[in-house]
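The structure under discussion appears below in the form of structure tokens.
The values are calculated or read from the model by the stated rules, or taken from the named source; none is laboratory data. These numbers come from a predicted model, not from an experiment. For neighbour counting, all protein chains shown are included, and Cβ atoms are generated from backbone atoms with ideal geometry for every residue, glycine included.
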Amino acid sequence: MTIKVALPKGRLLAATSALLQSADWGLEGYDESMRNYRLQSGRFSDVEAKVFNERDIPVQVAIGNYDLGICGLDWVDELSVKFTSSALVKLRDLGYGKGIVCLTASGSRPAPTVEELQAETDLIRIASEYPNLAEYLALSLRLRRFSIFPLWGGAEAYPPESAELALIAGSEGTASFNHDLVPVRKVLGFNACLIANRNSWEREDLSEILASLDRKLTDIEEGPSREITEQKLQVSEKYLAPGEAEGIIRLALPDGHQQEPTIELLNKAGIRIDDYPSETGNRRPAIGLEGVSVKVIRPQDMPLQVANGNFDLAITGKDWLTEHMYQFPSSPVAELLDLKFARVRVVVVVSNDLEVEDTGGLRELYEERSMTVRVASEYVNIADKCARDNRLGVYKVIPTWGATEAFLPEDADMLIENTETGSTIARHNLKIIDTLFESTGRLIGSKESVSSPEKGDRIKSIIIMLKTGLEGK
């Protein structure tokens, strides 16, 4: 009987690799430079491992795709507070990856007490990567009116203008969080932990595997963890909240790989931007446009945040705009300009071993087998529409948080993925059988802001400047 283990990428990879090496699992290639998500234990012939984004691991173990998993307790609790009867068993505290999840507020004003939050009659907005924990906390505190902003990351950038509170991960004993946030209430402490599927725990003999880890837990050194430092940042320019100043344009710029082409375009358009990207993590850079304030957030979050009224303009990808519009067809978000950078294709991907050449062939294959088609993607709404448009019959969409290539072929039958060259897809023994659309960076905006007398003219002038920059490329 094969024992399947889900291992983490990212913040826990180095310490987890060190633990498994000291336990002599013989997982060659599990390190920062790994190119293969599938690993075979050199010690336990019945142990196979696969590497996932940490947030996906509790889900994969809970549904029974994996017998064991290693991830942070924060992501285990994020799943468990919503799905209280999930088939997860917490087996071992691994002693590394220490941190806390804390409710925070802006340090620019006195932090509210829990009693003040409970007495508040206005809407309290809470931004977080942990939306289930945030909702659970708001309900347990008996907040009168609250709204949860589920995010892909960067929640620390939202208070005080775009949200009153942020639920974020940090370090125990931190007096002040990065971006001038201060703690309001500690929600939970967490370490890396070993988890199991309940059915596997009850039926399989895992004693030898667990013993190999238990003997080494006291010896392992602390690996890198996602800490939030106590450094307070100097904000270059005040970011203004909705309604704080009439006519001020609130612009969201992307973090990550879209920063370089965004800077290039702004420079060609004659728009100065300072401290972007920021070496200190500042998410409020100064921009050389009068009446414009900037904040740096995740491109995935931009369409919803523009729709919510937190921003007037944003630079994101067509992929994330399409994902948003498929979920909210009447959203007040409009595409204003194709910026022609960050060009990728959104494609349908299957295993190279599957004898199909297009989506129609995939449909026929699974009709013959009378099987459910499992579609894994970060783009859950695009994936759902693709499955319906191609009449895939019985299907289910599996949300992922990255490293989607790892899901095929064992944990999904088809991926909806973005690719620039297709080389990563090919390297994982996968193939593209359809292209849904091409995505480039887009300037998006609030329809209300674009048509408003206070902001419309200024937005149009920004669009003209960006068009000039594009013509100069």
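If you go through the range 139-157 and keep only what is out of contact with any Asp or Glu (no Cβ under 7 Å at 6 or more places or on another chain), under 19 Å from PRO254 (Cβ atoms) and modelled with pLDDT of 95 or more, you end up with PHE149, PRO150. For the range 303-331, name all the residues that are touching a residue at least 40 places away in the same chain (Cβ under 8 Å) and of a type in the set (Gly, Ala, Ser). Within the range 303-331, ALA307, GLY309, ALA314, GLY317 qualify. Of the listed requirements (1) under 29 Å from SER162 (Cβ atoms); (2) assigned to a loop (DSSP other than H, G, I, E, B); (3) touching a helix residue (DSSP H, G or I) at 6+ places or on another chain (Cβ under 7 Å), ARG55 misses just one: (2).
Being in contact with a helix residue (DSSP H, G or I) (Cβ under 7 Å, 6 or more places away or on another chain) and assigned to a strand (DSSP E or B) is the filter here, so list the residues in the range 119-130 that pass it. Quick ask: steps written out before the conclusion?
Step one: filter the range 119-130 for residues in contact with a helix residue (DSSP H, G or I) (Cβ under 7 Å, 6 or more places away or on another chain), giving 124, 126-130.
Those that are in contact with a helix residue (DSSP H, G or I) (Cβ under 7 Å, 6 or more places away or on another chain) and assigned to a strand (DSSP E or B): ILE124, ILE126, ALA127, SER128.
Contact map, the range 1-16: first residue touching a residue at least 40 places away in the same chain (Cβ under 8 Å) and polar (S, T, N, Q), second residue assigned to a strand (DSSP E or B) and surrounded by fewer than 19 Cβ atoms within 10 Å (Cβ to Cβ), Cβ cut-off under 9 Å, separation 6 or more or different chains; pairs are THR2/GLU48. With the condition kept exactly as written, say whether any residue in the range 448-466 is of a type outside the set (Asp, Glu), closer than 30 Å to ALA62 by Cα and assigned to a loop (DSSP other than H, G, I, E, B). No, every residue in the range 448-466 fails to be of a type outside the set (Asp, Glu), closer than 30 Å to ALA62 by Cα and assigned to a loop (DSSP other than H, G, I, E, B). Quick check on the range 180-192. Is at least one of its residues of a type in the set (Gly, Ala, Ser), touching a Leu at 6+ places or on another chain (Cβ under 7 Å) and part of a helix (DSSP H, G or I)? Scanning the range 180-192, I find no residue that is of a type in the set (Gly, Ala, Ser), touching a Leu at 6+ places or on another chain (Cβ under 7 Å) and part of a helix (DSSP H, G or I), so the answer is no.
Just give me the residues in the range 259-288 being part of a loop (DSSP other than H, G, I, E, B) and either among the charged types (D, E, K, R) or in contact with a helix residue (DSSP H, G or I) (Cβ under 7 Å, 6 or more places away or on another chain) (or both), in sequence order.
Initially, the range 259-288 is screened for residues part of a loop (DSSP other than H, G, I, E, B), giving 269-272, 275-285, 288.
Selection gives ALA269, GLY270, ILE271, ARG272, ASP275, TYR276, PRO277, GLU279, ARG283, ARG284.
Summed over the range 63-85, residues that are small (Gly, Ala, Ser) and within 17 Å of the chain's Cα centre (by Cα) total 1. Report yes if GLN300 is without any contact (Cβ under 8 Å) to a residue 60 or more places away in the chain and either part of a helix (DSSP H, G or I) or of a type in the set (Asp, Glu) (or both), otherwise no. No; evaluated as a whole, the condition is false for this residue.
Only one residue in VAL47, VAL51, VAL89 is aliphatic (A, V, I, L, M), closer than 21 Å to ALA14 by Cβ, in the same structural domain as ARG198 (by TED's automatic domain parsing) and over 20 Å from the mean Cα position of the chain (by Cα). Which one? Exactly one residue qualifies, and that residue is VAL47. For the range 147-170, a residue qualifies if it is crowded, with 20+ Cβ neighbours inside 10 Å and of a type in the set (Gly, Ala, Ser), and the qualifying residues are GLY154, ALA155, ALA157, SER162, ALA163, ALA166, ALA169, GLY170. With respect to ASP255, is the statement that it is modelled with pLDDT under 95, surrounded by 14 or more Cβ atoms within 10 Å (Cβ to Cβ) and touching a Pro at 6+ places or on another chain (Cβ under 9 Å) true? Here the answer is yes, as ASP255 does meet what is asked.
Applying the selection to the range 34-52, what residues are assigned to a loop (DSSP other than H, G, I, E, B) and out of contact with any helix residue (DSSP H, G or I) (no Cβ under 6 Å at 6 or more places or on another chain)?
We begin by selecting, within the range 34-52, every residue assigned to a loop (DSSP other than H, G, I, E, B); these are 34-37, 41-46.
MET34, ARG35, ASN36, SER41, GLY42, ARG43, PHE44, SER45, ASP46 - these are the residues of the range 34-52 that are assigned to a loop (DSSP other than H, G, I, E, B) and out of contact with any helix residue (DSSP H, G or I) (no Cβ under 6 Å at 6 or more places or on another chain).
Looking only at residues that are under 15 Å from ALA406 (Cα atoms) and of a type outside the set (A, V, I, L, M) in the range 30-44, which one is surrounded by the fewest Cβ atoms within 10 Å (Cβ to Cβ)? Break it down into steps so the answer makes sense when it comes.
Narrowing the range 30-44 to residues under 15 Å from ALA406 (Cα atoms): 30, 34-40.
Filter once more, so that each one left must be of a type outside the set (A, V, I, L, M): 30, 35-38, 40.
Details: TYR30: 19, ARG35: 8, ASN36: 14, TYR37: 19, ARG38: 13, GLN40: 14.
So the residue we want is ARG35.
Can you report the number of residues in the range 162-179 which are in a loop (DSSP other than H, G, I, E, B) and at pLDDT below 90? Here the count works out to 8. The set of residues from the range 15-29 being in a helix (DSSP H, G or I) and surrounded by fewer than 19 Cβ atoms within 10 Å (Cβ to Cβ) comprises ALA18, GLN21, SER22. With respect to the conditions (1) in contact with a helix residue (DSSP H, G or I) (Cβ under 7 Å, 6 or more places away or on another chain); (2) outside the structural domain of ALA62 (by TED's automatic domain parsing); (3) outside any helix (DSSP H, G or I); (4) hydrophobic (A, V, I, L, M, F, W, C), LEU133 falls short on a single one, namely (3).
Answer yes or no as to whether SER108 is surrounded by fewer than 19 Cβ atoms within 10 Å (Cβ to Cβ) and either in contact (Cβ under 8 Å) with a residue 24 or more places away in the chain or in the same structural domain as GLU78 (by TED's automatic domain parsing) (or both).
Values: surrounded by fewer than 19 Cβ atoms within 10 Å (Cβ to Cβ): yes; either in contact (Cβ under 8 Å) with a residue 24 or more places away in the chain or in the same structural domain as GLU78 (by TED's automatic domain parsing) (or both): yes.
Yes: the conditions hold for SER108.
Specify the residue that is surrounded by the fewest Cβ atoms within 10 Å (Cβ to Cβ); the eligible residues are those in the range 325-372 that are part of a strand (DSSP E or B), of a type in the set (A, V, I, L, M, F, W, C) and in contact with a Lys or Arg (Cβ under 8 Å, 6 or more places away or on another chain). Give the derivation first.
The initial filter retains those residues of the range 325-372 that are part of a strand (DSSP E or B), namely 333-338, 344-351.
Retained after the next criterion (residues that are of a type in the set (A, V, I, L, M, F, W, C)): 333-334, 336-337, 344, 346-350.
If we keep only those that are in contact with a Lys or Arg (Cβ under 8 Å, 6 or more places away or on another chain) too, we end up with 333-334, 336-337, 349-350.
On the way: VAL333: 23, ALA334: 16, LEU336: 19, LEU337: 18, VAL349: 25, VAL350: 25.
Out of the qualifying residues, it is ALA334.
Considering only residues that are assigned to a helix (DSSP H, G or I) and surrounded by fewer than 24 Cβ atoms within 10 Å (Cβ to Cβ), which ones fall in the range 304-322? I'd like the intermediate steps shown before the answer.
To start, the set of residues in the range 304-322 that are assigned to a helix (DSSP H, G or I) comprises 304-307, 318-322.
Correct list: LEU304, ALA307, LYS318, LEU321, THR322.
Entry remark, the range 406-444: residues being farther than 30 Å from ALA334 by Cα, surrounded by 20 or more Cβ atoms within 10 Å (Cβ to Cβ) and among the acidic types (Asp, Glu) number 2 in total.
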